[in-house]
1. Please verify whether Thr143 is under 19 Å from Ser25 (Cα atoms) and either of a type in the set (Gly, Ala, Ser) or part of a strand (DSSP E or B) (or both), treating the condition exactly as stated.
2. Name the residues in segment 71-86 that are assigned to a loop (DSSP other than H, G, I, E, B) and over 17 Å from Ala35 (Cβ atoms), would you?
3. Among Leu96, Leu118, Leu102, which is more than 17 Å from Val164 (Cα to Cα) and touching a Phe, Trp or Tyr at 6+ places or on another chain (Cβ under 7 Å)?
4. Would you pick out the residues in segment 73-90 that are aromatic (Phe, Trp, Tyr) and either over 13 Å from the mean Cα position of the chain (by Cα) or at positive phi (or both)?
5. Looking only at residues in segment 92-107 that are under 12 Å from the mean Cα position of the chain (by Cα) and more than 16 Å from Leu148 (Cβ to Cβ), which one is surrounded by the fewest Cβ atoms within 10 Å (Cβ to Cβ)?
6. Enumerate the pairs (first residue in segment 34-63 and more than 19 Å from Ser80 (Cα to Cα); second residue anywhere and among the acidic types (Asp, Glu) and surrounded by fewer than 18 Cβ atoms within 10 Å (Cβ to Cβ)) with beta-carbon separation below 8 Å, excluding pairs fewer than 6 apart on the same chain, so at least 6 apart or on different chains.
7. Please go through segment 108-123 and pick out each residue that is over 11 Å from the mean Cα position of the chain (by Cα) and surrounded by fewer than 18 Cβ atoms within 10 Å (Cβ to Cβ).
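Readers should treat all values here as calculations from the given coordinates under stated rules, not as data from a laboratory. The model shown is predicted, which means the values in this text are computed figures rather than measured ones. Neighbour counts run over all protein chains shown; Cβ positions are idealised from the backbone, glycine included.
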Amino acid sequence: MRTSIMIAILMVVGLVRMNAQSCASCNENVTDYNAGSYTITTGQTFCVDSTGNFEGNLVLNGGTLCVKGVFKAKTFSFTSGTILNSGNFSSGTLTLGSGKNLQNISGGVINFSGNVTLSGGQITNDGILNVRQTLTNTSGTFTNAGILNCGQLSGSNTINNTGVLNTN
C-alpha cells in the first residue's frame, strides 16, 4: 500500500513537471522541413513540432525555443532566453551566461560537437546530453538527472548529479 502511494505521488510530480515545461503558444511552429531565418525575442516562442525538422538560421534573443522534433540550425545565436528540448537538438558550441536556460526534458537528446560553457546560466538535464569536447562549469546551476556524456569536465562550480556522468 505504502509503495503504491509513493509511486502515485511520483507519477503526479512527473506529470506536473512535464506540463510545466511544455511549450506554450507558438509564434512560429515548424511542422515539417524548414530552412528559414527567424529572430525570437522576449515573450515569443519558436516551436519545432514532433514532425518538424529545422535546419535554418535562428537568433534566440530573450524568447523560448521549444524542440519536440529535430533542430539542427545552419546558424544559431543564443543571447538570452530558454531552450526546452524533448526532441533532438544539435549545435556546435554553446556558452550559457546569465539569462540563459537550457532544459533537456526526459526523452530529449542534445548533441554539441564543440565545447559547452556554463557561466551564470542554468542547465537541467533529464534526458541525454552529449558534449563532444569540454563541458566547463564556472558558475551557474547544473543539474543532471539524466545521462551526461562529455569529452572532459572542468570548472570550479559543482554539478548536482543524480544521473549518469561519463567522461572520456
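1. no
2. Matches in segment 71-86: Ser86 only.
3. Among Leu96, Leu118, Leu102, only Leu118 is more than 17 Å from Val164 (Cα to Cα) and touching a Phe, Trp or Tyr at 6+ places or on another chain (Cβ under 7 Å).
4. Phe76
5. Residue satisfying both the conditions and the ranking: Asn101.
6. Asn34/Glu55; Ala35/Glu55; Thr51/Asp32; Gly52/Asp32; Asn53/Asp32
7. Passing the criteria: Ser113, Gly114, Ser119, Gly120.
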